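Read the structure below first, then the notes.
The values are calculated or read from the model by the stated rules, or taken from the named source; none is laboratory data. For clarity, every value in this text was computed on a predicted model and none was experimentally measured. Reconstructed Cβ throughout: ideal geometry from the backbone, glycine too, with neighbour counts over all protein chains shown.
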Amino acid sequence: MNDRLKRWLHAAAIRAAKTAAQAAIGIIGASTAFGAVDWPLAASAAALAAIVSLLTSIAGIPEVDQGSSLPLLAKGGE
């Protein structure tokens, strides 16, 4: 695994974790307003948000090689 790919994985994981936390906070906040937190809903929303974040990151992450895409980084190009 090349160094660029490692940096991409690290940056993508951080973005996915932040996105999952934001989704969970939104669901928990809205659920609290209705009187009870639906924990399975919060967990599934956070998981889905993390997956979507990772899939979106395949197109490129600005923090890694000026936004190079994952396939390009895996080849070691650019």
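Suppose the filter is part of a helix (DSSP H, G or I), more than 9 Å from the chain's Cα centre (by Cα), surrounded by 12 or more Cβ atoms within 10 Å (Cβ to Cβ) and not aromatic (F, W, Y); does I14 pass it?
Details: part of a helix (DSSP H, G or I): yes; more than 9 Å from the chain's Cα centre (by Cα): no; surrounded by 12 or more Cβ atoms within 10 Å (Cβ to Cβ): yes; not aromatic (F, W, Y): yes.
Here the answer is no, as I14 does not meet what is asked.
A30 falls short on exactly one of the conditions (1) surrounded by 13 or more Cβ atoms within 10 Å (Cβ to Cβ); (2) within 11 Å of the chain's Cα centre (by Cα), and that condition is (2).
Taking each residue of region 55-78 that is farther than 12 Å from A11 by Cβ and aliphatic (A, V, I, L, M) and looking for partners that are modelled with pLDDT of 80 or more and not in a helix (DSSP H, G or I) with beta-carbon atoms closer than 6 Å, six or more apart or interchain, yields A59/S69.
Which of the residues that make up region 23-69 are part of a helix (DSSP H, G or I), of a type in the set (D, E) and farther than 17 Å from R7 by Cβ?
So in region 23-69, the residues part of a helix (DSSP H, G or I) come out as 23-33, 39-57, 65-67.
Those left that are additionally of a type in the set (D, E): 65.
Once the filter is applied, which keeps residues that are part of a helix (DSSP H, G or I), of a type in the set (D, E) and farther than 17 Å from R7 by Cβ, region 23-69 yields nothing.
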